[in-house]
Amino acid sequence: MTSALEKRWLPVKDLTVRKATENKSVRITWSDGSSVECWFTAKDSGKSQVAVQHRKLASKEAAAEMKEFWGERLAALKEQLEK
């Protein structure tokens, strides 16, 4: 993922990328200490699959907020890639 696309897809400050494997995965520590793992898998016909797991959230409310956040961010990623 290019840094320009990354900034449009995930415009979040105060996060630390712990490990990134180009076109495969990224592991992030969020500013609140929670942990995010994203996996990118190529599929047939120019399609792809993205999976996100956000762990160590402080509460059920935080988990619900992040579920909504990731839904929005994945929709934004899809839009950017289809341009």
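The values are calculated or read from the model by the stated rules, or taken from the named source; none is laboratory data. Just so we're clear, the structure is a prediction, and the values are computed from it rather than from any experiment. So basically every Cβ, Gly included, is an ideal-geometry build from the backbone, and we count neighbours across all protein chains shown. Only protein heavy atoms, including side chains, enter the accessible area calculation; ligands, DNA and RNA are left aside. Shrake-Rupley method; radii C 1.70, N 1.55, O 1.52, S 1.80 Å.
Among the residues of region 20-35, just one is under 11 Å from the mean Cα position of the chain (by Cα) and within 20 Å of E79 (Cβ to Cβ), namely V26. Screening A62, A51 for residues that are surrounded by 12 or more Cβ atoms within 10 Å (Cβ to Cβ) and not in a loop (DSSP other than H, G, I, E, B) leaves exactly one candidate, A62. For region 69-78, the condition of being in contact with a strand residue (DSSP E or B) (Cβ under 9 Å, 6 or more places away or on another chain) and part of a loop (DSSP other than H, G, I, E, B) holds for none of the residues. Remark: T29 falls outside the filter, which requires a residue to be free of Cβ contacts under 8 Å to residues at least 12 places away in the same chain and of a type in the set (V, I, T). If you go through region 33-41 one residue at a time, do you hit one that is open to solvent by 50 Å² or more (accessible area, probe 1.4 Å), modelled with pLDDT of 90 or more and over 17 Å from V17 (Cα atoms)? So far as region 33-41 goes, yes, one or more of its residues are open to solvent by 50 Å² or more (accessible area, probe 1.4 Å), modelled with pLDDT of 90 or more and over 17 Å from V17 (Cα atoms). For region 56-76, a residue qualifies if it is touching a helix residue (DSSP H, G or I) at 6+ places or on another chain (Cβ under 7 Å) and either closer than 16 Å to V12 by Cα or at pLDDT below 95 (or both), and the qualifying residues are R73, A76. Taken together, the residues in region 32-48 that are within 23 Å of K13 (Cβ to Cβ) and in a loop (DSSP other than H, G, I, E, B) amount to 3.
Checked against (1) modelled with pLDDT of 90 or more; (2) within 13 Å of L10 (Cα to Cα); (3) out of contact with any helix residue (DSSP H, G or I) (no Cβ under 6 Å at 6 or more places or on another chain), V52 passes all but a single condition, namely (3).
Are any residues in region 14-32 open to solvent by 90 Å² or more (accessible area, probe 1.4 Å) and on the phi < 0 side of the Ramachandran plot, and if so, which ones? Answer for region 14-32, where residues must be open to solvent by 90 Å² or more (accessible area, probe 1.4 Å) and on the phi < 0 side of the Ramachandran plot: R18, K19, E22, K24, R27, D32.
Among the residues that make up region 4-17, is at least one of them hydrophobic (A, V, I, L, M, F, W, C) and assigned to a strand (DSSP E or B)? Yes, some residue in region 4-17 is hydrophobic (A, V, I, L, M, F, W, C) and assigned to a strand (DSSP E or B).
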